[in-house]
1. Gly343 is checked against (1) modelled with pLDDT of 95 or more; (2) not in a loop (DSSP other than H, G, I, E, B) and fails just one. What number does that condition carry?
2. Of the residues Gly62, Gly83, Gly18, Gly100, only one is over 26 Å from Leu339 (Cα atoms) and within 16 Å of the chain's Cα centre (by Cα); which?
3. If I go through segment 517-554 residue by residue, how many of them are touching a strand residue (DSSP E or B) at 6+ places or on another chain (Cβ under 7 Å) and not in a loop (DSSP other than H, G, I, E, B)?
4. Residue under question is Arg41, and the condition is that it be within 23 Å of Gly121 (Cα to Cα) and among the basic types (Lys, Arg); does it hold?
5. Filter segment 296-317 down to the residues that are open to solvent by 30 Å² or more (accessible area, probe 1.4 Å) and not in a strand (DSSP E or B) and list them by number.
6. Quick one: how many residues across segment 389-441 are buried (at least 20 other Cβ atoms within 10 Å of the Cβ) and of a type in the set (Asp, Glu)?
7. Out of Leu197, Leu208, I need the residue that is over 30 Å from Ala334 (Cα atoms), among the aliphatic types (A, V, I, L, M), out of contact with any helix residue (DSSP H, G or I) (no Cβ under 9 Å at 6 or more places or on another chain) and surrounded by fewer than 18 Cβ atoms within 10 Å (Cβ to Cβ). Which one?
8. Scanning segment 527-547 for residues that are buried (at least 16 other Cβ atoms within 10 Å of the Cβ) and over 26 Å from the mean Cα position of the chain (by Cα), which turns out farthest from Ala468 (Cα to Cα)?
Amino acid sequence: MAHTYATDVLVVGAGPVGLTAAAELRRRGASCRIVDRLPARLPFAKAVGIQPRTFEVWDRMGLARTALEAAVPMRGQFLYVNGAEQPRIDLSVPPEVPYGFAALPQYETERILDEHLSRFGTAVERGTELVSFGQDADGVTCRLRAASGAEEEVRTRFLVGCDGAHSIVRKGLGLSFEGGAFAEEYMLADVRVDWDLPPGYALRAMHLDGAGAVDDVLVCIPLPGRGRYRMSMMVPPELSTAGQAEAVSDGITHGLQNGRGPGQADVQAVLDRLSPQPTTAFDMRWTSVFRISHRIVDRYGDGRVFVAGDAAHIHPPTGAQGMNTGIQDAWNLAWKLALACAGAAHPGLLAGYDAERRPVGEEVVGRTVRHAVEGMENDPDDPATSMMREAQLLVGYRGSPSVDGAGEGGGPQPGDRAPDCAGLTGPITGYPMRLYDVLRERDHVLLLYGAGSAPGSGPALDELVRTARESSGGRMEVCLVHAADQGADADADADAVVEADGTTLPVYTDSRGEFARLYAVEEPTAFVIRPDGYLGARLSPPAPRQLAAHLANVFAANPPPN
């Protein structure tokens, strides 16, 4: 039976995860609708921490600058136990990582992503909820209900559930959501204080009882605005929502709870007990009680329907991993869905979403539960590795069906994050650029190191470029990086212009040798960089046959032109 598709993809849920998915789908030319049952964005600073890897995602999307200007830096954390100051934690990453840690309230993250989405002519349909759906081999039929009560049936190629811990999409798919809940309850507050602690540092103050167990805690995360923090504290008995657990239809108690929130006096009482210096709370914007569960689905999708973010995994907020993980779920899925919508994806490409992202979700859930119980300070990894993992810079997809096996030599391998580097110069720019400047707002990129100047590389280069374009339906861009000595030995005008397969290729010189060092290359090498910033293949020497074999696992045979 023939069907008319109202849209390529329906995204349910307009939090940071759903907005990321919709924006990346639209940027790549897929049609998309995004609905959310809430009539407006919530003005709550729920998820606050922004990891360096998320800024790298936003850089590739073209909105990092906007986010950086709205955020505040996270430089570290002060720790107090029973009033005694403990060693300070400083948040740092290697110098080649372009972004550090930051704090940005969730309502600002959603505003930035919402405005970015609007650049592509798509707006969130608020006050609209998904009631039910059914899928077949050709698409998904979804029933939507507007705030007026009017219902609409929508036919779409794919459905993506970014609708949170109580996801209708997850329930409709019948996915299991195994895990449990913590007995403790916490209260959140967005409030200002008049202490003189250095800005940019979080505060964690704990009281231990005689047995060494934590019986009182105060965690303060800086927000934009002088002296403003999002604070979390244990809930006093009179504010407990434990009795509401039975009223939750699906039995999942996670996130903000209904009922009376704490008042300013409740917050002040905790500050009086635990603040390292006398201080007064004022200008409170909102408060709530929240509870924590830890669960993960048995699979991230079924057929043409997928889940991402809290719909797929929930866990303690330790280390600010949840929203950042969800954004990367959406980013990973969106480029694959866009190819599928265009008829250009390998039949197994979408299965790679579960293969790549569910192990990440499992690791994050396990690690945050362990940190919540044992404390981050007891992490078994060395501090540098632990910091890189918290920054989400160690997430990788080695062994995925969408990437090649291990390449030759050291350096980043297929499935690893493509590291940034500085010192790339061009024939016109008067300043060195970063590799991420070159990759920004591009999708599939074939990066050829040393290939344009290698002896006898003319015909071979033509064949490489032709293979990249034909195998991808014109979706792969090709850039050249010359070693510094190649640029010095070549005529300046010749070095600025390299032609292959009838077109001129952009050429950059590794003037500081940073690319060669970070990518561990000495000989001509081809790097396939995926739209999500991971290496799909590393080929040394660059060989058209091997390149075609790799791309055959990503793109459809004879993909339609872009």
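The values are calculated or read from the model by the stated rules, or taken from the named source; none is laboratory data. Because the structure is predicted, anything quoted here is derived from the model rather than measured. We place every Cβ from the backbone using ideal geometry, glycine too, and count neighbours over all the protein chains shown. All accessible areas refer to the heavy atoms of the entire protein, side chains included, with ligands and DNA or RNA removed. Shrake-Rupley method; radii C 1.70, N 1.55, O 1.52, S 1.80 Å.
1. (2)
2. That would be Gly100, the only listed residue that is over 26 Å from Leu339 (Cα atoms) and within 16 Å of the chain's Cα centre (by Cα).
3. 14
4. Spelling it out, Arg41 is indeed within 23 Å of Gly121 (Cα to Cα) and among the basic types (Lys, Arg).
5. Asp298, Arg299, Gly303, Arg304, Asp310, Pro317
6. Of the residues in that region, 3 qualify.
7. Leu208
8. The residue in question is Ser540.
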